[in-house]
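*Asks:* Here it is, the structure, as structure tokens.
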Amino acid sequence: MKSQATLAPLLYVAFGGDTRGRNLPGEVMDELIAIAQVLPSQQPGERLFDQGGRTDRIYMARTGLLKGEVNNANGQRQVMDFYLAGDFLDIQSLFTLRHQCRVETITTATVISLPLREVLAIARHYPALQDGLHKAIGRELLKLDQVIYQLCRRPVGARIASFFLDLSERFQALGNEPRRFYFPARRADIASLLMMDRATFTRGFRELERDGLVTADGSEFRLLDPEGLRHLSLDDELTETRQARKN
């Protein structure tokens with residue numbers, strides 16, 4: 001049975017940006033909940049869909065952690081994104097009606113599915129929902145820009161700092177603690193997203209630990225100095241200079 005109490009906050013995050021759902025009328029939520037389908041729980045390592053498959057639905061994470069990945073030009077797996085509760089899965093497929101990446105579960109997860117045609121029909125009557133869709137697509141385009149930016153030889157420390165700041169903001173949008181969170185993705189997958197190998201990520205993360213910016217206990221991460229991370233994420237030239245001196 002679908003519960004408005006559990007689905008509404010996630011739909012607010014997906015279409016409105018936070019759990020308060022500002023600017024989204026209650027009747028919009030009622031119509032979205034009526035057409036939403038909660039898929040059976042997926043176990044860790046299960047594949048939800050494959051790259052290239054046809055689709056006419058919108059998918060979003062309800063619980064758990066998932067990842068989207070593709071095969072790069074060398075045939076190696078390239079992680080493109082991690083999905084938390086309230087995140088759209090492979091929203092780029094809206095443009096082509098074909099999945100642009102494959103999505104797999106990292107932890108036990110549940111997913112919400114909505115028929116695209118019916119969502120668009122509702123959006124025609126509610127400008128706030130149209131705006132929410134535009135913002136969601138805009139967020140995904142920004143993520144793609146960040147991936148491209150990583151390819152432009154951005155310093156390792158800046159990439160790692162930006163990644164944890166982004167995670168912090170996403171957990172905060174869900175109403176969770178932004179400076180301390182559980183994120184059980186493999187280090188190799190995080191490194192792949194940041195366009196580096198695992199050894200490089202490990203060295204970079206340890207440097208941030210030595211600088212008192214972050215710390216980790218297994219899969220639990222703590223941001224000790226968010227302002228310091230923000231400075232590092234923006235000051236690419238300074239980071240390059242520090243790395244050159246150490247080399």
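The values are calculated or read from the model by the stated rules, or taken from the named source; none is laboratory data. Keep in mind it's a predicted model, so treat the numbers as computed, not measured. Backbone-built Cβ (ideal geometry, glycine too); neighbour counts: all protein chains shown.
*Asks:* Got at least one residue in region 67-75 being at pLDDT 90 or above, buried (at least 19 other Cβ atoms within 10 Å of the Cβ) and within 10 Å of the chain's Cα centre (by Cα)?
*Replies:* Yes, that holds for at least one residue.
*Asks:* Among the residues of region 175-184, what is the count of those that are buried (at least 19 other Cβ atoms within 10 Å of the Cβ) and either in contact with a Leu (Cβ under 6 Å, 6 or more places away or on another chain) or of a type outside the set (Phe, Trp, Tyr) (or both)?
*Replies:* Within region 175-184, residues that are buried (at least 19 other Cβ atoms within 10 Å of the Cβ) and either in contact with a Leu (Cβ under 6 Å, 6 or more places away or on another chain) or of a type outside the set (Phe, Trp, Tyr) (or both) number 0.
*Asks:* Given the structure, is Asp131 touching a residue at least 40 places away in the same chain (Cβ under 8 Å), assigned to a helix (DSSP H, G or I) and not assigned by TED's automatic domain parsing to the domain that holds Ile190?
*Replies:* For Asp131, the condition - touching a residue at least 40 places away in the same chain (Cβ under 8 Å), assigned to a helix (DSSP H, G or I) and not assigned by TED's automatic domain parsing to the domain that holds Ile190 - is met.
*Asks:* Something else about it: Failed condition for Gly138, given (1) free of Cβ contacts under 8 Å to residues at least 40 places away in the same chain; (2) touching a strand residue (DSSP E or B) at 6+ places or on another chain (Cβ under 8 Å), with all others met?
*Replies:* Every condition holds for Gly138 apart from (2).
*Asks:* Do we find that Thr200 is surrounded by fewer than 15 Cβ atoms within 10 Å (Cβ to Cβ), more than 20 Å from Pro44 (Cβ to Cβ) and of a type in the set (Ser, Thr, Tyr) in this structure?
*Replies:* no
*Asks:* Out of region 50-105, which residues are of a type in the set (Asp, Glu) and under 22 Å from Asn176 (Cβ atoms)?
*Replies:* Those that are of a type in the set (Asp, Glu) and under 22 Å from Asn176 (Cβ atoms): Asp81, Asp87.
*Asks:* Out of everything in region 107-122 that is of a type in the set (A, V, I, L, M, F, W, C) and in a strand (DSSP E or B), what residue ends up being nearest to Arg57 (Cα to Cα)?
*Replies:* In this case the residue turns out to be Leu114.
*Asks:* Next question, about the same structure. Does region 85-106 hold any residues that are assigned to a loop (DSSP other than H, G, I, E, B) and either buried (at least 22 other Cβ atoms within 10 Å of the Cβ) or at pLDDT below 95 (or both), and which are they?
*Replies:* The answer is Ala85, Gly86, Asp87, Asp90, Ile91, Gln92, Leu97, His99, Gln100, Cys101.
*Asks:* Can you name every residue in region 173-232 that is of a type in the set (S, T, N, Q) and under 28 Å from Tyr12 (Cβ atoms)?
*Replies:* Asn176, Ser219
*Asks:* Filter region 167-178 for residues that are in contact (Cβ under 8 Å) with a residue 12 or more places away in the chain and part of a helix (DSSP H, G or I); which is nearest to Phe88 (Cα to Cα)?
*Replies:* Arg170
*Asks:* Of all helices (runs of 4 or more DSSP H) completely enclosed by region 179-235, which ones contain at least 2 residues that are touching a helix residue (DSSP H, G or I) at 6+ places or on another chain (Cβ under 7 Å) and free of Cβ contacts under 8 Å to residues at least 40 places away in the same chain?
*Replies:* Of the helices (runs of 4 or more DSSP H) lying wholly inside region 179-235, those with at least 2 residues that are touching a helix residue (DSSP H, G or I) at 6+ places or on another chain (Cβ under 7 Å) and free of Cβ contacts under 8 Å to residues at least 40 places away in the same chain span 187-193, 198-210.
*Asks:* Could you please tell me which pairs satisfy a Cβ distance under 8 Å, a separation of 6+ or placement on different chains, a first residue in region 66-87 that is free of Cβ contacts under 8 Å to residues at least 24 places away in the same chain, and a second residue that is in a loop (DSSP other than H, G, I, E, B)?
*Replies:* Sorted first by the residue in region 66-87, then by its partner, the pairs are Asn71/Gln51; Tyr83/Leu65.
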